[in-house]
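Scroll down for the structure; my scribbles are underneath it.
Every read-out reported here was derived from the displayed coordinates using simple, explicitly stated rules and does not represent laboratory data. Here the structure is a predicted model, which is why all the values come from computation and not from measurement. Neighbour counts are summed over all protein chains in view; Cβ atoms, including those assigned to glycine, are modelled from backbone coordinates with ideal geometry.
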Amino acid sequence: MYKTLTISSVVMILAFSGYVSEATPSKVSISIEIDFPEEKIEKDTSLEKLEVEILEKGKFEIKEEEKTAVIAGELNEQILITSHVKSYKPTISLLIENDQKYGLLVDTKYLLDRYFDLLKKEEEAKLEEQRIEKQKLFWQHDRYIEYQNGIRGIYINGYLYGNNSFKEQIHSLVLSTDLNAVVIDIKSDNGHVLYETNVEEAININSIRVKYTKTDLSFYEKNDIYLIGRLVAFQDPLFAKKHPDSAVWDKKNNELYKQGKQYFLDPSDLRARKYILDLALDACKIGFNEIQLDYIRYPDSQYRYMEFDLESTVENRTLTIQSFLYDAQQKLHSEGCLLSADIFGYVLTNRADGGIGQNLEAVITSVDFISPMVYPSHYSRGSFGYEYPNSHPYGVVTSALEDGLERMDDKRQLRPYLQSFWHTDEEIREGIRAAEDKNLSWILWNSISNYSYESLTGD
């Protein structure tokens, strides 16, 4: 004759799945049913009859109507797992100790302890598997660091890449120099998606302008060139005009907020975030090694009539950008791509977020690499002690990089964009020398991809 002991409880714990809200615990329902004989229970047979169901394990979901950002929580998975497992034990032990009906205190607790030991081992095994997979992801990048003295890349304008003559020039430059990486536009500043995508939202807003195909990109894999896809994130006139409720709103003039021809998406808006992530994940599948997010920020403006779903405070801006990047990183890793973010050069020096949500310490915890735009021409007069910063590429780049490196644990995460416009070939090489003297990888930026052989070789 068997009877069933049912122990049910709702306990409050922190999720260990990656994103957690530090302010909002997650409800986890636990239902435990144990079949046992009326006579003295046998540990070995009873263990086989133990059935444990954990509902909503570690899940924290945002409700659509809340329109609030998820906060990136503790990233030390081992600590989270240990905390997670331990959090169940006291609650269940208390239930057992207060239920004397069947006289099974010792035996039941033994079974439960065994279960939680197994749970912990299973989770640890999953983490180890994830760690190994992450190592594989970074291997395809790190071999350039180990065997080719770093990443040396150029930005390629995606519109121009649709021109065969231009494409041939780029291919020739890459093959005849020490370049081993290129950055190609996925989605441009105009909101255009430059390859043929199946992302439904891109089709709906008519944003697709095909300039290259997966076959075109195969050139880089064949020639062992590291391929990065640049995706302009929260600046998108097409999406903003199609979905004004997802864009930054000008509440004074009751219209979309704009800076010249630029229209910004609200970084805290769920629909906007989903569109960017969908494109990033889709682009990852056509051959890119890495997805690079640009305009990963709020508008750089002091205009006080901008309106967002989530109030624009320093904390909200920083956490919104951080959580979005962390979410993107996790999803891209699962598809086999790394993640980088373009940031303003001054972020390396300034401790505040500059009103745009870019804080160095927050960003680097959520991406694999950062590419600060340390362009001497973008620094104001007197920066780093130079009256005319644009005339001192080596000194300006060196000083900016030093400011960033002293705030970073892993310098390999720092891979600057270097100025390749308004400079002579010699000045461009000075910027490169500044990065290489710090043993850093680098990418040259020229908006129309006009690069000279001499600036790369000195010949």
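Odds and ends about this structure:
- Residue 377-residue 129 FRET efficiency (beta carbon distance; Förster radius 56 Å; 0.05 resolution): 0.75
- By definition, a body whose alpha carbon gyration tensor gives a ≥ b ≥ c is oblate when a/c is 1.5 or more and a/b is not larger than b/c, and region 275-420 fits this oblate description.
- Residue 292 long-range amide H proximity, modeled H, under 5 Å: 229, 230, 231, 340
- Cα-Cα over 30 Å, subset of 167/285; 258/438; 134/261; 121/411; 222/274: 258/438; 134/261; 121/411; 222/274
- The overall shape of region 148-457, judged from the alpha-carbon gyration tensor, is oblate: a/c is not under 1.5, and a/b is no greater than b/c.
- Label zone of residue 452 (point 7 Å out along Cα→Cβ, amide N under 17 Å): in region 410-434 this covers 419-433.
- Cα convex hull of region 211-363 - mean projected area over all directions, nm²: 9.8
- FRET efficiency, 1/(1 + (r/R0)^6) with R0 25 Å, evaluated for residue 351 and residue 391 via beta carbons: 0.35
- Positive-end residue, region 148-457 charge dipole about Cα centroid, Cβ charges, pick of 225, 445, 169: 169
- For region 151-254, the list of trypsin sites (Lys or Arg not before Pro) that fall in a loop by DSSP and count at most 16 other C-beta atoms within 10 angstrom reads 251, 252.
- For region 338-387, the Cα-based Rg and Dmax, in that order, read 11.9, 39 Å.
- Per-pair calculated FRET efficiency, R0 = 30 Å: residue 136 and residue 365 via Cβ, rounded to 0.05: 0.90
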